[in-house]
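Read through the structure below, which is laid out as structure tokens, and then see the notes.
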Amino acid sequence: MSDRKRQKTTNNKILNTSSITKFEQLPNELILICFAYFNFYELYEIFSGLKQRFNQLIQNESNIHINLASIPSEKFLTFCFQLNQCKNYPLSIIAYGKHKLNLILEDDLFQEKFSKLKSLSLSKMNVGTIDRLIFNETTKLYQSLERLSLLDKIREDREGSFNIDRLFKNLISSKMKSLKYLKLNYFHALEKREKPLSHLETIIIGNISDNYNTKARANIFFYTLIEDLLPCLPKLKNLIINSICFEDFFQRQRHKLSSTTTTTTNSILPLNLKILPSIIEINPNIPLNLKLIKI
């Protein structure tokens with residue numbers, strides 16, 4: 001063999017040796033950390049056909065996070081089969097619309113598998129559908145959910161049988177056994193309660209954005225906040241609201257001052273709030289004297 005051919009053969013061997021990816025040589029613990037950046041469908045699409053070791057990690061040890069919007073309709077049945085092979089329980093689901101979510105949550109194959117779901121993010125759904133999903137006595141998500149986000153296009157049922165206020169009332173009640181984080185892009189009214197019931201530690205109301213002119217702002221009246229909402233949240237630590245309106249509060253204060261009989265009450269329970277950023281909307285015709293307190 002000539003020196004030129006010998007050199008070429010040696011270079012090819014070096015190239016083949018160095019082409020082994022370092023990712024394959026990582027310990028399982030680091031590979032699982034990398035897997036956490038992908039949802040379950042992406043994991044199977046990217047890694048399942050490469051090595052048997054990756055297949056075993058996906059099926060037996062990886063945390064399962066599901067984004068139903070990322071799954072093409074023609075691959076949904078394959079996804080369900082792969083999900084059924086896994087030994088771990090899904091920890092989170094992101095769903096845009098009810099159809100795919102209903103298929104897996106209502107199927108007998110998955111009812112037990114979703115019984116330990118920790119996080120749920122929903123968009124484009126009727127509130128009646130959301131209530132049935134969460135308070136279903138088969139999956140019992142009201143017992144396991146720790147984080148719930150109700151985002152875009154959450155609508156009231158057309159027939160009016162179930163409304164947003166009723167859903168919100170249920171979500172901050174003692175029915176939710178583990179819920180600590182709630183994000184929603186709306187807020188209507190809330191019936192006053194006699195005693196606090198919720199375990200919530202963080203609540204976000206409105207689509208928080210750096211742009212003040214965002215169309216998704218959700219107005220909450222200051223009076224409603226301090227008289228109706230906060231007394232229901234004795235464990236609250238983080239409160240983020242994108243818009244507060246004081247006009248209703250001032251009107252009520254004026255009514256109290258003009259009344260012949262005045263009674264001072266304080267229905268707000270002691271709270272340990274750490275975060276309270278907001279956009280404040282007031283009537284420019286009403287004088288305002290506020291002190292900003294850094295907690």
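Looking at this structure, is Leu91 of a type in the set (A, V, I, L, M, F, W, C), surrounded by fewer than 18 Cβ atoms within 10 Å (Cβ to Cβ) and in a loop (DSSP other than H, G, I, E, B)?
Answer is no for this residue.
Return the residue satisfying two criteria in turn: it lies in region 34-46 and is under 16 Å from Lys75 (Cα atoms) and not charged (D, E, K, R), and of such residues it is surrounded by the fewest Cβ atoms within 10 Å (Cβ to Cβ).
Going through region 34-46, the residues under 16 Å from Lys75 (Cα atoms) turn out to be 39-46.
Pick out the ones that are also not charged (D, E, K, R) and you get 39-41, 43-44, 46.
On the way: Asn39: 20, Phe40: 25, Tyr41: 22, Leu43: 21, Tyr44: 22, Ile46: 13.
Residue satisfying both the conditions and the ranking: Ile46.
Could you list, in sequence order, all residues of region 104-143 that are out of contact with any Phe, Trp or Tyr (no Cβ under 7 Å at 6 or more places or on another chain) and either among the aromatic types (Phe, Trp, Tyr) or modelled with pLDDT under 85 (or both)?
Glu106, Asp107, Asp108, Leu109, Phe110, Gln111, Glu112, Phe114, Ser115, Asn136, Glu137, Thr138
Select from region 203-227 the residues that are surrounded by fewer than 17 Cβ atoms within 10 Å (Cβ to Cβ) and at pLDDT 70 or above and list them in ascending order.
The answer is Ile226, and nothing else.
Cβ-Cβ distance below 8 Å, separation of 6 or more or different chains: which pairs start in region 219-235 with a residue that is in contact (Cβ under 8 Å) with a residue 60 or more places away in the chain and end on one that is hydroxyl-bearing (Ser, Thr, Tyr)?
Listed pairs, sorted by first residue: Asn219/Ser243; Cys232/Ser198; Leu233/Ser198.
Just to be sure before I move on: is Ser174 over 20 Å from Phe222 (Cβ atoms), at pLDDT 80 or above and more than 14 Å from the chain's Cα centre (by Cα) in the structure I sent?
yes
Has region 124-132 got at least one residue that is out of contact with any helix residue (DSSP H, G or I) (no Cβ under 7 Å at 6 or more places or on another chain), in contact (Cβ under 8 Å) with a residue 12 or more places away in the chain and closer than 15 Å to Ile93 by Cα? I'd like the intermediate steps shown before the answer.
First, pick out the residues of region 124-132 that are out of contact with any helix residue (DSSP H, G or I) (no Cβ under 7 Å at 6 or more places or on another chain): 124-126, 128-129, 132.
Now drop any that are not in contact (Cβ under 8 Å) with a residue 12 or more places away in the chain, which leaves 124-126, 128-129.
Retained after the next criterion (residues that are closer than 15 Å to Ile93 by Cα): 124-125.
Yes.
The values are calculated or read from the model by the stated rules, or taken from the named source; none is laboratory data. In this text, all values refer to a predicted model and were calculated from it rather than measured experimentally. As a convention, Cβ positions derive from the backbone with ideal geometry for all residues, glycine included, and neighbour counts pool all protein chains shown.
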